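Working notes, beginning with the structure itself.
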Amino acid sequence: MSDEYENKTGYQAQSSETISSGSGGGSRTASDIDYVRPAEVTDQDLYHGHSFITKWVFCQDAKVIGVQYFLLATFTGVVGLILSWLMRLQLGFPGAAGFMTAEHYYQFVTMHGMIMVVYFLTALFLGGFGNYLIPLMVGARDMVFPYLNMVSFWSFFVAVGVLLASFFVPGGPTGAGWTLYPPQTILEGTPGSGWGILLMCISLILFVAGFTMGGLNYLITVLQARTRGMTLMRMPLTVWGIFTATVLAMLAFPALLVGALMMTLDNVLGTSFFMPTIIQAGEILEYSGGSPILFQHLFWFFGHPEVYIVALPAFGIVSDLISVHSRKNIFGYRMMVWAIVGIGGLSFFVWAHHMYVSGMNPWFGFFFATTTLIIAIPTAMKVYNWIITLWRGNIRLNVVMLWCLGFIVTFVNGGITGIFLGNVSVDVPLSDTYFVVAHFHMVMGIAPLMVIMGAVYHWFPLVAGRFLNETLGKWHFWLTFLGAYSIYFPMHYLGFIGVPRRYFEMYDSPYMTSAVGMNEFISMAAFIVGAAQFILIFNIIKTLKTGKPAGSNPWKANSLEWLTPSVPPEHGNWGDKLPVVHRWPYDFNVPGAKEDFITQTTPPSDVVGTEVEKT
Ligand code: HEM
Ligand SMILES: [Cu+2]
């Protein structure tokens, strides 16, 4: 074994059992109420980088990889934001962005959509929060395959590079819409039909490959590397959310992968997986026999679960934030876990609600409308549980809590319009209008973003050891929340009056005159919301220099990530002894307890006489 590997012999300390007899019940001593079964898996050897490159660049520490994912996803998100600004400039003030043609608009819509969904939100929740939080929250030293984890980030890095390179190739990026529907994607006449779509497919393939390496880590770390006493039903909901989302991703991304591969073959080799016999400019092309609808099925078999790949981590994280900042146990923990798992499972049976206008059999539509509406049940249960958790809680109305409340409001709003769109007869006239744009931005754009922001304010003291400034945080929140509503609320109305989505220009049609002023207003709001995000960047820079030191466990939380021997946690997380877990992370305000929180590592003998939950 190389000297860069350090054997954590702390495992010996773990196996020093207080229990005397070898098999079964045996004779325990009085203090044995604190007994916890030994872990099934022994402690882990870790690779310690020595040079700058192995410590910070090709680093194998999940925490560093998490931050790397976070930063690169954020950078890509800023690109997506700038694209949205350009689009809003055109929509609010046609012609103001002088260089922008209709082709550019299509390319920007496409890149904005794909970037925001995949390269920003997915990478940020799973790669960013997943890497940073999973090992800490389950009491592991690191992910189980640190090397693979490092390769996962670098695949993502190359995927982003390939994606952004498409801005610089002949023809520019693909402009087929983020849904990439063939035959349009491939046919000449669509912007980026040559290089653009090829690079998009390659980038997606790299993303999926990289994600799979990371995903294996998240799953197996949760299943195999939990510390002593960390049963599945004692895991924070954050871990449940990320874990379930990863399961979904492992099942859904392959559909995207094969879709992208087959599309590449159609594009490059002239196969006809998705290409029917087609006439272009009076000429019959070589393609025949393929099915564009098959691509739609593959895309949405990935695309709908993708919504939950983003939403489930957000559900988990927001549950934990609400619990900590209202000093109450999360209401209905088990129900919350099963709702996450249930929503995850159901999300594989609803994909064709994105295809109501593709001409399907009415019974098929009926089936998918029914399954879609059924998802509202576990989702509504979660919303009730968040609200009941807040009810009579000792709510700290700090910035973290504001983001959580903002999330609940936005999410409910987007969820309600989802119930509209889930019904075939309502969806058909609203399909491809701004109503849809309003719906999905509310539910999977703004709502998860609110959780990300709350999570940043919550965990920043852990990552950097300092509190972000609350006043700046409040400005950031209110501008973003009110601004986002100003953008998306009026869009519902635009949808009702029939403004189509993905249109570069629409003022020639007289019936849309009432949309002109509204579009200007929306665009102004979009500029403000985008600019408000720089308050956070400023806040982070300021805090790193002069922020208030947070010390350990500043929010008085119970979960393990706050209980590391040093803050911020070092490589290996736990010094030489892994933590031992005795309870769930939600023991707040327990009657009879000395303090209003009881950490997961507090042994039962310390809480005798209190009314802690049995977990
Ligand atoms: C302030 C932030 C944002 C603004 C101003 C914004 C604006 C826009 C605009 C103007 C469009 C084009 C509408 C059209 O012409 O059809 C669009 C499309 C889209 N946006 Fe956003 N957006 C924002 C954030 C997000 C986020 C966070 C997501 C993540 C889910 C997202 C996902 C999408 C998707 C998937 C599309 C559809 C792309 C397509 O039709 O191919 N956006 N957005
Ligand atoms: Cu869907």
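The table that follows gives values for the structure above.
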read-out	value
Cα→Cβ-extended label distance, 7 Å offset, between residue 545 and residue 605, nm	5.1 nm
Relative contact order (%) - criterion: Cα under 8 Å, at least six apart; region: the chain	16 percent
Rounded tilt (10° steps) of 237-268 against the dominant C-alpha axis of the chain	30 degrees
Additional length obtainable on full extension of the chain from residue 338 to residue 409, 0.36 nm per residue less Cα span	23.3 nm
Spacing of the two label points (7 Å from each Cα toward its C-beta) at residue 361 and residue 220, in nm	4.2 nm
Tilt relative to the chain, helix 399-422 - C-alpha long axis, 0 to 90 degrees, to 10	50 degrees
Hull volume in cubic angstrom per residue (convex hull over the Cα atoms of region 330-470)	127 Å³
Per-residue ³J(HN,Hα) for region 137-146, Karplus 6.51 cos²θ - 1.76 cosθ + 1.60, θ = phi - 60°, Hz, x for Gly and Pro	6, 9, x, 9, 7, 5, 5, 6, 10, x
Tilt relative to the chain, helix 62-92 - C-alpha long axis, 0 to 90 degrees, to 10	30 degrees
Additional length obtainable on full extension of the chain from residue 52 to residue 482, 0.36 nm per residue less Cα span	150.5 nm
Using a Förster distance of 25 Å, the FRET efficiency for residue 179-residue 251 (Cβ separation, nearest 0.05)	0.80
Residue order, fewest to most beta carbons within 10 Å, for 291, 166, 319, 523	291, 523, 166, 319
Least to most buried among 322, 419, 293 (fewest other Cβ within 10 Å first)	419, 293, 322
Kirkwood hydrodynamic radius of region 477-615, Cα pairs, Å	20.3 Å
Inter-label distance, nm, simple model (7 Å from Cα along the C-beta direction), residue 475/residue 288	6.7 nm
Set of aspartates and glutamates with alpha-carbon distance to residue 614 below 13 Å, sequence-local pairs under 8 removed	587
D_trans [Stokes-Einstein, Kirkwood Rh over alpha-carbon pairs] for the chain, 10 °C, 1.306 mPa s, µm² s⁻¹	62 µm²/s
Sparse-neighbour loop sites [GluC sites (Glu not before Pro); region 239-347; at most 14 other C-beta within 10 Å; DSSP]	286
Tensor-based shape of region 503-570 (alpha-carbon gyration tensor, a/c under 1.5 rounded, otherwise prolate or oblate)	prolate
Under 5 Å, built H, 5+ apart or other chain: amide partners of residue 46	6, 8
For the chain, calculated [θ]222 nm from helices alone, where every DSSP H run of n ≥ 4 adds -39500 (n - 2.57)	-18500 deg cm²/dmol
Dipole-positive endmost among 343, 504, 264 within the chain (Cβ charges, Cα centre)	343
Residues residue 265 and residue 391, FRET efficiency given R0 of 60 Å [Cβ-Cβ distance, rounded to 0.05]	0.60
Linear extension gain, residue 509 paired with residue 233, 0.36 nm per residue minus alpha-carbon span	93.6 nm
Filter on 63/545; 545/594; 328/577; 63/556; 474/556 - keep pairs with C-alpha separation over 26 Å	545/594; 328/577
Dipole magnitude (debye, nearest 20) for the chain, charges at Cβ of Lys, Arg, Asp, Glu	1440 debye
Top positive-direction residue, dipole computed over the chain with Cβ charges, set 592, 514, 463	592
Lys/Arg +1, Asp/Glu -1 at C-beta; the chain dipole; positive extreme among 48, 601, 77	601
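None of the figures in this text is laboratory data; all of them are computed from the coordinates on show. If you're wondering where the values come from, they're calculated on a predicted model, not measured in any experiment. Here the Cβ is made from the backbone with ideal geometry for all residues, glycine too, and neighbour counts use every protein chain on show.
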